[in-house]
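The values are calculated or read from the model by the stated rules, or taken from the named source; none is laboratory data. Here the structure is a predicted model, which is why all the values come from computation and not from measurement. Cβ atoms come from the backbone with ideal geometry, glycine included; neighbour counts cover every protein chain shown. Accessible surface is based on the protein model in full, side chains and every heavy atom, while ligands, DNA and RNA are left aside. Shrake-Rupley method; radii C 1.70, N 1.55, O 1.52, S 1.80 Å.
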Amino acid sequence: MIEVDNLQKSYGTIPVLKNINLRIEAGEIYGLVGRSGAGKSTLLRCINGLEQYDGGTLRVEGFDIRQHSEKEIRTFRKDIGMIFQHFSLMERRTVYQNVALPLECWGYPRAEIERRVKELLRLVDLEDKMSEKPRALSGGQKQRVAIARALSLNPKILLCDEATSALDPKTTSSILQLLRKINETFGIAIVTHQMSVVRQLCHKVSILENGEIMASGSVSQIFLSQPPALKNLLGDEETELASPSGAQVKISYQENASNSTWLSDMARTLAIRFSISRASLEPYHDAVLGTIIIRIEESQLSAVTAYLSKLDVTWEVIRQDGK
């Protein structure tokens, strides 16, 4: 659906995107993450045609904006909805009028507008707020109005630019559930660059550093393999751990019923003792991924790493005394 090949974009002499290569399939929820200034928002704006790019190609269902007129690009944008951090609602218009605005701009019949707006407000659970102005709504309700407006023209792609960063955790969770429902109900591809969405919703993710994609893959694959780009993004907290003796091994794995005893099985099989420096379980999309850091005697390191190499886990020695 979205095909990006060797995309390049600069502002003056400053390169912002460097040889970006990307594939996003129809119906996927895709994360584009990175630190501030990595080029995420610029890439989103290139996808929806708000930014021109300098080199390479970017096609959305075969449409390359550099090969079309402004009129054709405006029509193309009907297929792309966008939601923002600060909602961008018109304060003097009611909820109904905000959602109806794109349809009115494209000259849809009044009966069609009314049918579509009511359908969308039902979807986002705001039918009872139809006549309210945005100032009377909570932050979560405002974002639901913005989502309904973004869906008004039946887009095939929904771009999320920090869509939940201004919301509290409970409201964020409800918005994420709504985005999942939209994806599953309508098959709309969703592209986001917010880590909370990546953790809970995304099928695949790419990590940008200084305008380049440094790692790509399924969410579980990326968080299990722990590529350097992910460590740079999240921070390598393990380096702060105290290790008075021995070696520390960080192990990442996907939690399931069949591997619930692997740690105790390893201790029993190798006849070793160890201590746990840190352990966590976090949901990523539909999987639960675990990370555990164990401290062992230096003399046990080779046996432990050999044992781990036979399991469906990812491991690395993060500290070894004297080395």
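Taking all protein chains as shown and a probe of 1.4 angstrom, V16 keeps an accessible surface of around 20 Å². For the chain, the solvent-accessible area of protein heavy atoms averages 49 Å² per residue (probe radius 1.4 Å; ligands and nucleic acids excluded).
The angle between the Cα long axis of helix 110-123 and the main principal axis of the chain comes to about 20°, on a 0 to 90 degree scale. Surface calculation, 1.4 Å probe, protein heavy atoms: I318 sits at approximately 50 Å² accessible.
The 1.4 Å probe gives accessible areas that order S216, S152, S196, S260, largest first, as S260, S216, S196, S152. Placing +1 on the Cβ of every Lys and Arg and -1 on the Cβ of every Asp and Glu, with no other charges, gives the stretch 1-143 a dipole of roughly 460 debye about its Cα centre. Excluding same-chain neighbours fewer than eight residues apart, the lysines reachable from K250 by a Cα-Cα span under 26 Å are K204, K231, K310, K323. Amide hydrogen proximity for E209: with H placed 1.01 Å from N in the peptide plane, the residues at 5 or more positions away or on another chain lying under 5 Å are M214. The 3J(HN,Hα) values that the Karplus relation (6.51, -1.76, 1.60; θ = phi - 60°) gives for the stretch 292-301 are, in residue order, 9, 10, 10, 10, 10, 5, 4, 5, 9, 4 Hz. Gly and Pro appear as x.
Total lysine pairs in the stretch 52-184 at Cα distances under 14 Å, for residues eight or more apart or on different chains: 4.
Computed 3J(HN,Hα) for the stretch 196-203, one whole-Hz value per residue from the Karplus formula 6.51 cos²θ - 1.76 cosθ + 1.60 where θ = phi - 60°, is 4, 6, 4, 4, 9, 10, 5, 7, glycine and proline marked x. Other residues whose C-beta falls under 14 angstrom from the C-beta of N6 contribute a net charge of 0, scoring Lys and Arg +1 and Asp and Glu -1. Legend: calculated FRET efficiency, N232 to E112, from the Cβ-Cβ distance at R0 = 35 Å, rounded to 0.05, equals 0.10. For the pair Q52 and S165, label points projected 7 Å from Cα toward Cβ lie 2.7 nm apart. Could you list which residues have their amide H under 5 Å from that of D54, counting only those 5 or more apart in sequence or on another chain, with H placed in the peptide plane? Correct list: Q8, K9, S10.
Taking a ≥ b ≥ c as the square roots of the eigenvalues of the Cα gyration tensor, an a/c ratio of 1.5 or more together with a/b no larger than b/c marks the stretch 34-188 as oblate.
In the chain, the DSSP beta bridges split such that about 70 percent are antiparallel, to the nearest 5. Between L7, G34, L22, the Cα set farthest toward the positive side of the dipole of the stretch 1-40 (charges on each charged residue's Cβ, about the Cα centre) is that of G34. Under 14 Å from a label point set 7 Å out along the Cα-to-Cβ vector of T269, the amide N atoms of the stretch 282-304 belong to 303-304.
Of the options (1) 20.4, 65; (2) 18.5, 57; (3) 23.6, 77, only one is Rg and Dmax of the Cα atoms in Å as computed from these coordinates, and that is (3). For the chain, a crude dipole built from +1 on the beta carbon of Lys and Arg and -1 on the beta carbon of Asp and Glu, taken about the Cα centre, is about 800 debye to the nearest 20. Spin-label pair S218-S36: with each label point 7 Å from Cα along the Cα-Cβ axis, the two points sit 3.5 nm from one another. Spatially, the stretch 120-134 and the stretch 199-228 are offset by 36 Å when compared through their Cα centroids. Modelled spin-label separation between S258 and Q85, with each label point placed 7 Å from Cα along the Cα-to-Cβ direction: 4.3 nm. Remark on V191: its backbone amide H falls under 5 Å from those of Y30, L158, L159, C160, a criterion applied only to residues 5 or more positions apart or on other chains, H modelled at 1.01 Å from N. Multiplying the residue separation of T185 and Y11 by 0.36 nm and subtracting their alpha-carbon distance yields 58.7 nm.
Note on surface exposure: F76, F274 rank F274, F76 by accessible area, highest first, 1.4 Å probe. If you take the square roots of the eigenvalues of the alpha-carbon gyration tensor of the stretch 81-150 and sort them as a ≥ b ≥ c, do you get rounded (a/c under 1.5), prolate (a/b over b/c) or oblate? The shape class here is prolate.
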